Amino acid sequence: MRRLVGGLTAACLLTACSGTSTPPEAVPDTSSPDPHVLPAGKADLPLTAGSYFSPLDFVPPLAIAVPAGWSSTHRGDDAFDLGKPGLIVVFDTPDGETVAPVLKALRAKASHPTTVTGTLDGEPATGFDAIGGSGQLLASPSGTMSLDYAPGQRVRVLGTDVDGVPLLAVVLVPDGKQWGALLPAALALLGGVSRG
């Protein structure tokens, strides 16, 4: 598996990634009017409004309707992110046969988790919200990204199984006071996820 190393600071910056990277340009896919494949690697990639596909080798392949104002920094075969000021959404394919035990393990590490439901890739999803905390929240299987809990932040983790593959989406707002203002944008993004 490819090895890229990442981390998340409380300032909403994913850092310390290394490995091969491609120029920060989306690769057009001519099969539809405005799709783009997110290139693998680490680089700030501003995105215009439109349809984007998950990086090559990300399973399950996803298509995402991205509104204006979003960008991507980390893109690998096991995880990638989309963000805007004060908000990051990470898509991850954790190890395991199903998402249920993964969610259970992540929830056990959360500070005062609250059960939530939603949709992910058009499928019913379950998960939890958490406030603050410390320690690691999530590490992607190939090491593309890791997310840590931090005081003052808010997190939502949603998971589902897509064609026999577990899929997680993690919404992270480092300044928890902005949760109410930023969560609708995250949920709109998640609502625009379909199979690629």
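Bear in mind that the values in this text are calculations on the coordinates, not laboratory data. Predicted model only: the values in this text are computed from it and were never measured. In this analysis, Cβ positions are derived from the backbone assuming ideal geometry, glycine residues included, and neighbour counts consider all displayed protein chains.
Numbers below:
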quantity: Amide H contacts under 5 Å for V37, placed H, 5+ residues apart; calculated: V27, D29, F53
quantity: Neighbour net charge for W70 - beta-carbon separation under 14 angstrom, K R +1, D E -1; calculated: 0
quantity: Estimated vicinal HN-Hα couplings, Hz - region 184-195 in sequence order (Karplus 6.51, -1.76, 1.60; Gly, Pro = x); calculated: x, 5, 5, 5, 5, 4, 4, x, x, 8, 9, 6
quantity: Fewest-first ranking of V157, V99, V162, using other Cβ atoms within 10 Å as the exposure measure; calculated: V162, V99, V157
quantity: Those lysines that a straight Cα-Cα span of less than 21 Å connects to K42, excepting residues fewer than 8 apart in one chain; calculated: K84
quantity: Sequence-distant residues sharing a close amide H with V116 (under 5 Å, placed H); calculated: G127, F128, D129
quantity: Cβ-based net charge around A185, under 15 Å, with every Lys or Arg adding one and every Asp or Glu removing one; calculated: +1
quantity: From phi via Karplus (6.51, -1.76, 1.60), per-residue ³J(HN,Hα) for region 93-107 in Hz, x at Gly/Pro; calculated: 10, x, 5, x, 7, 9, 7, 4, x, 5, 4, 4, 5, 5, 5
